[in-house]
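The values are calculated or read from the model by the stated rules, or taken from the named source; none is laboratory data. Owing to the predicted nature of the structure, the values given are computational and were not obtained by experimental measurement. Every residue, glycine as well, gets a Cβ built from its backbone with ideal geometry; the counts of neighbours run over all protein chains shown. All accessible areas refer to the heavy atoms of the entire protein, side chains included, with ligands and DNA or RNA removed. Shrake-Rupley method; radii C 1.70, N 1.55, O 1.52, S 1.80 Å.
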Number of protein chains: 6
Amino acid sequence: MTETATPLRADGRADDELRPIRIERGWIDQAEGSALISFGNTRVLCVASLTEGVPRWRKDSGLGWVSAEYSMLPRATSTRSARESVKGKRSGRTHEISRLIGRSLRAIVDMSALGENTILLDCDVLQADGGTRTASITGAYVALADAVRWGQANGLIRPDTPTRRVLTDSISAISVGLVGSRTLLDLPYEEDSRADTDMNVVQTGSGAFVEVQGTAEGTPFDRRQLDSLLELATRGNAELARIQREALEA
Amino acid sequence: MTETATPLRADGRADDELRPIRIERGWIDQAEGSALISFGNTRVLCVASLTEGVPRWRKDSGLGWVSAEYSMLPRATSTRSARESVKGKRSGRTHEISRLIGRSLRAIVDMSALGENTILLDCDVLQADGGTRTASITGAYVALADAVRWGQANGLIRPDTPTRRVLTDSISAISVGLVGSRTLLDLPYEEDSRADTDMNVVQTGSGAFVEVQGTAEGTPFDRRQLDSLLELATRGNAELARIQREALEA
Amino acid sequence: MTETATPLRADGRADDELRPIRIERGWIDQAEGSALISFGNTRVLCVASLTEGVPRWRKDSGLGWVSAEYSMLPRATSTRSARESVKGKRSGRTHEISRLIGRSLRAIVDMSALGENTILLDCDVLQADGGTRTASITGAYVALADAVRWGQANGLIRPDTPTRRVLTDSISAISVGLVGSRTLLDLPYEEDSRADTDMNVVQTGSGAFVEVQGTAEGTPFDRRQLDSLLELATRGNAELARIQREALEA
Amino acid sequence: MTETATPLRADGRADDELRPIRIERGWIDQAEGSALISFGNTRVLCVASLTEGVPRWRKDSGLGWVSAEYSMLPRATSTRSARESVKGKRSGRTHEISRLIGRSLRAIVDMSALGENTILLDCDVLQADGGTRTASITGAYVALADAVRWGQANGLIRPDTPTRRVLTDSISAISVGLVGSRTLLDLPYEEDSRADTDMNVVQTGSGAFVEVQGTAEGTPFDRRQLDSLLELATRGNAELARIQREALEA
Amino acid sequence: MTETATPLRADGRADDELRPIRIERGWIDQAEGSALISFGNTRVLCVASLTEGVPRWRKDSGLGWVSAEYSMLPRATSTRSARESVKGKRSGRTHEISRLIGRSLRAIVDMSALGENTILLDCDVLQADGGTRTASITGAYVALADAVRWGQANGLIRPDTPTRRVLTDSISAISVGLVGSRTLLDLPYEEDSRADTDMNVVQTGSGAFVEVQGTAEGTPFDRRQLDSLLELATRGNAELARIQREALEA
Amino acid sequence: MTETATPLRADGRADDELRPIRIERGWIDQAEGSALISFGNTRVLCVASLTEGVPRWRKDSGLGWVSAEYSMLPRATSTRSARESVKGKRSGRTHEISRLIGRSLRAIVDMSALGENTILLDCDVLQADGGTRTASITGAYVALADAVRWGQANGLIRPDTPTRRVLTDSISAISVGLVGSRTLLDLPYEEDSRADTDMNVVQTGSGAFVEVQGTAEGTPFDRRQLDSLLELATRGNAELARIQREALEA
């Protein structure tokens, strides 16, 4: 799709091409759902824990709850960073991404069909090379879908509720960015650190937006650039939705 | 601007109308810059502290640094919440908004013209009724501008550097949202809690985007809705830029 | 009242003269009681939150509870100090003053007339220039009185209980100090830092003592000096009681 | 001294009589100064650590520094309380008493004669029966005096500086209280919990006041009662000064 | 027992000789059991708190619970260390020793004969000169035994349950080490810091092993050395069991 | 080796048989050394970070430093446990195992040949089924060996220093236990929870002991049982040393 004249990216990809995406389901034997997902060198272990009951503030509402915790192993990055458990507190970044993942997943869950069950998604980044939050959301959806199936098979979720009623759609996320004059899809760390604008877009399998977060790290961006970013992200998320579907059918 | 048929909002505003905006500069005598800003009943005290020197990781770079801390008084909301100093940690929300304010302000600061000085913006919400982060950014800009002037008057910033070179533009933020079938500007708490989609848009005085954060709390939104939200926000930010300019010229 | 020969203080006051005292009630719309109080440049926002029920250890006693939390905004002082929520713990000074305020207010509350309700006073120092604890106690009383009235109007406190039975007296506090050979009333920061002895005196409207805290920062003081400090404080508190009464009748 | 008609206190003491006071010096072999002090059943281990150098903010001032940390073993009281190290934070009470002890000791230290040395007093309550803060101050003075002597013997403090120049006086503290119609000296826990007013008075060996902290726990007190409390405390502290002197001469 | 040719240790002991052991029972009046134990200069205050009921996870099991908390006063060592309550967290070492003491004591408690009661042992090191964990275990047993007797006398433990059924044996601990070519018993700090291998052995009064923890700090040790360490420890623990018995019979 | 009459274990192993051991080197691209190790279903990611320089207390000693941090992902176990970063502190168990791993590795490192470099081993348990500490030590050695080679190849460690001089031996660990009347090697969770005695033995490749930690969870053990446990562990560690050697030669 890229023009002949445009030089390729460092990893040989076209501007609108995803990194190789790999999803391995069932990586953790004891969990109700799990997926090891890779976006190129970024590798995230997504594990879903389904338990009966809901947090106190939601008791007797008939509604379920879904939330997420994101974390990075200390040596996921090129230089080691201190463990948050050792520092005794989580960073603002960790909090922020955890909240984003939870919010994104809740957008496609029918809490009433889930019933008074809680699903907690742990997204632990084993290796980081840009796009850890987008890989987390995309992989967490797969783990979540497996946990819902487990809940149906084990009687926590009413078995006559079709999965499609609990998860009303799929959900995935991708990053896009403006690097120099180019609009790039799925930025690895090196491109991300050079980007003027970095945008994460969370979309359902049917293409609706759940979250749009665009930040100008350098020069502010104009409306035309914003439009081109949104279009590229929409194409990327459509591709991710297809890969998720194939993984869940495997 | 609204059509005759559309009923007014609870506070009598048109859909595309800001709440009454008030900015009082110099509210804190001892600070290098300060502004008490109101967006309707939302009231935020923004205080800028300018000090010589920069954090260790930026030493000897010739560049300055700007960051922000956001917090809410315990009884800013309708029911009292526990102090974060008593709980011993800041919430994810507090972290996330602090980071957003800092990032937004840095987008219009020329760090080299600022020189090796640090400006820290404290945004303390005295009363909250929706839009505390947008009021914080908008008020923090005014406090920041006063701190830069103070720095020039007191020799920390080279006096021959025009303010326009240190602050390359103004910055403001506004919320927009989809409530039912309507697209509303500057949502108070009551509207915000009913919104399907809530979006915060940070823009420079010249209209460029610095941050776009849209979240579907209910039904995901489509591209057309996204476009209408962006247009409304752009109009709101233009109005805020005008109010900031007037406040700074007063 | 001061003799002609004595030079005036830096702000032109006589030795036994209070700074200008201002009390604005109802500064926070959503709170059950609130007052913004100024002792000269010291400005404290006092907010009372009244809720039904009492802490666990007091359940089913028929008695209410009153406590307080004191805090300072980071830039209340001439150089910014770190937020306690960021440091992850409250300082000893913050704890100590919170306890003092709560103890002082409880001295004039009839817990049985209050019934099983809790009133929590938040005293947040917006600007500090000496006397933040005395201004906090004095302002907190006004917020407390408004919260009691609110409780009566809203049926949490039995309406046939006269306010006078819930609050058996008023309460205020003032600082006095020995600076060189002079005995001064209501010390601003500059005088406080030069004082040999600094004393905070909490008294009821009828003049009884609730708390006397005198500390020799420099030379220890003798009994005669102690007596003159107590007399001056008694006159100051009488004046504060009058100002509180006027504010509550306004 | 008490009149015949007045019934004795639970432990058989007269109203103006101290509990048995015991001071054992040198209880900790490795410390520069130490004293195990008992006020009746209240037993506090006071240990002085003298080190060369001062905190950063006092460097190159030529002045020394003295501070204190107070703590209670978990089973010092009749029911066990949780360790502050386990809870992860010190209580307000712990902070407040630590600050009081440090302030009291500093009142009799000539920081310039001490030179750039730091003496830290650890006061650990092994058994508590009222008056732990007054026993701590009284015992800490003895440990402090021994640490100063050690410093002179070991060349950290100039040997030609007489001890009297480093410690300009002795310091002790005692509690007094109003229990019903009686004014009592040195209250054990049982009396303290019944007292209307509780006052701690810190005085130098020559009788000057360093700290006066009186609190009405029940009925506020009047000026005449305050005077009688101060007189009783002065007699108690004179007796403690004598006991300290004897212990240090032993 | 040592051969003539072997030089004595710094404190004049033979290689297989314990330091002077002293146990004072009932040091804390208000506790259900307490013992101040010395292993030479190492002095630990062991206090047992017996309360009715068990932690939530053990409720309605008919079984009791025993645990321990170990801590060191800041100036127990030759240079002062910071309080863990001030640092806001307990060190790994503190945790580890607390767990070891609790585990060791539980080995000789019949939880069913104890009934639904909890005994918490506080071991606070007042002075440290090596072997603080072994002294803690040895002293904690004595405090525990007294608490069990108290429980029987006060009806919390069924009085017809002989103490021997609640405490099925006694328990003690001793350190042994390889220092150069010698195998030494009960190492003070100075020997411990020079040891190639340091081993702590917890044994019952009848000689069975409850815990064996051997660590090569320098050269790893072979099987023959391990055997000699175990034999020496067994002799030391037999001696400690005799001393405990005598203390409890006193 | 087991007699015909003995029934096999739940997973079909003989009493003296290890679970299947798998070691995958280089699992983390950016680290100086890494190994994903499995002991049956227990899976630990061991990552070595080599950096120039040593902690402050070891500066200018010419010696290097090696330490370790152990942690468990929240859903490594059959029910999810809370993250230590969320709780704000590490558990005693986490601390204790981290210290054990560091100590074990240091036993075979020549700190002077390592030079002033630091190697930090992160052992993160991805899935737990007993033996997480023994798998961590065994895998960490492999990651450590790769990091040393990397250091030599990249000039941080003198290239003319043979690896054998930096790592003076290999190191591994295995668990053994008494379950009923049987002595078992390498206990999975289910056996471990039933064991009367559980022992972890750390040994060098040449068979010397570095750490012996035996704990009676139920009945205390006698000397003969202790001997049989040590012999079984020695055979297990010899087998692990062979597997490590093969992995490092691959």
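Need one word for segment E:75-206: rounded, prolate or oblate. Basis is the Cα gyration tensor (sqrt eigenvalues a ≥ b ≥ c); a/c below 1.5 gives rounded, then a/b vs b/c decides. Taking the square roots of the gyration eigenvalues as a ≥ b ≥ c, segment E:75-206 is oblate.
Debye-formula intensities of the protein assembly as shown, expressed as log10 I(q)/I(0) at q = 0.05, 0.07 Å⁻¹, are -0.48, -0.97 (one equal scatterer per alpha-carbon, no solvent). Taking the label point 7 Å along Cα→Cβ, residue D:53 and its counterparts in the other copies are spaced 1.9, 1.9, 4.8, 5.1, 5.1 nm apart, in ascending order. Across chain D, the relative contact order, built from alpha-carbon pairs under 8 Å that are at least six residues apart, equals 20 percent.
Compactness of segment A:150-250 is given as radius of gyration and Dmax, 17.2, 54 Å, from Cα positions. Surface calculation, 1.4 Å probe, protein heavy atoms: residue D:67 sits at approximately 30 Å² accessible. Extending 7 Å from Cα along the Cβ direction at residue F:153 and again at residue D:164 yields two label points whose distance is 7.7 nm. Here the translational diffusion coefficient of segment E:124-190 follows from Stokes-Einstein with Rh set to the Kirkwood radius across Cα pairs; for 4 °C and 1.567 mPa s it amounts to 91 µm²/s. Over chain D, the reciprocal of the mean inverse Cα-Cα separation, the Kirkwood hydrodynamic radius, stands at 18.7 Å. Estimated from helical segments only, the mean residue ellipticity of the protein assembly as shown at 222 nm is -10000 deg cm²/dmol, where each DSSP H run of four or more residues counts as -39500 (n - 2.57). Working from Cα pairs under 8 Å separated by at least six residues, relative contact order for segment F:1-133 is 31 percent. Here the contact order of segment F:122-250, divided by its residue count and restricted to Cα pairs under 8 Å and six or more residues apart, works out to 24 percent.
Just so you know, the averaged projected area of the alpha carbon convex hull for segment B:68-112 sits at 4.0 nm². Taking the label point 7 Å along Cα→Cβ, residue E:93 and its counterparts in the other copies are spaced 2.4, 3.0, 3.4, 3.4, 4.3 nm apart, in ascending order. Shape descriptor for segment E:151-196: Rg over Rh equals 1.43 (Cα atoms; Rh from the Kirkwood inverse mean 1/r). Across segment A:45-144 the C-alpha pair distances fall into 5 Å bins from zero in the proportions 3, 13, 22, 22, 17, 12, 7, 4, 1, 0 percent. In this rough spin-label picture, where each label sits 7 Å from Cα along the Cβ direction, the residue E:219-residue B:10 distance is 8.1 nm. A Förster distance of 56 Å, applied to the separation of the beta-carbon atoms of residue F:61 and residue F:231, puts the FRET efficiency at 0.90. Rolling a 1.4 Å probe over the protein heavy atoms leaves residue A:51 with an accessible area of roughly 80 Å². Take the Cα of residue D:190, step 7 Å toward its Cβ, do the same at residue E:87, and the gap between the two points is 4.2 nm. Coupling constants for segment A:158-167 follow from the phi torsions by the Karplus curve (6.51 cos²θ - 1.76 cosθ + 1.60, θ = phi - 60°), and in residue order they are 4, x, 7, 7, x, 3, 4, 7, 6, 9 Hz; glycine and proline get x. For the pair residue B:250 and residue C:22, a Förster radius of 25 Å applied to the C-beta separation gives a FRET efficiency near 0.55, rounded to the nearest 0.05. For segment B:103-148 and segment E:87-108, write down the distance between their C-alpha centroids in whole Å. If we compute the Cα centre of each part, the gap is 48 Å.
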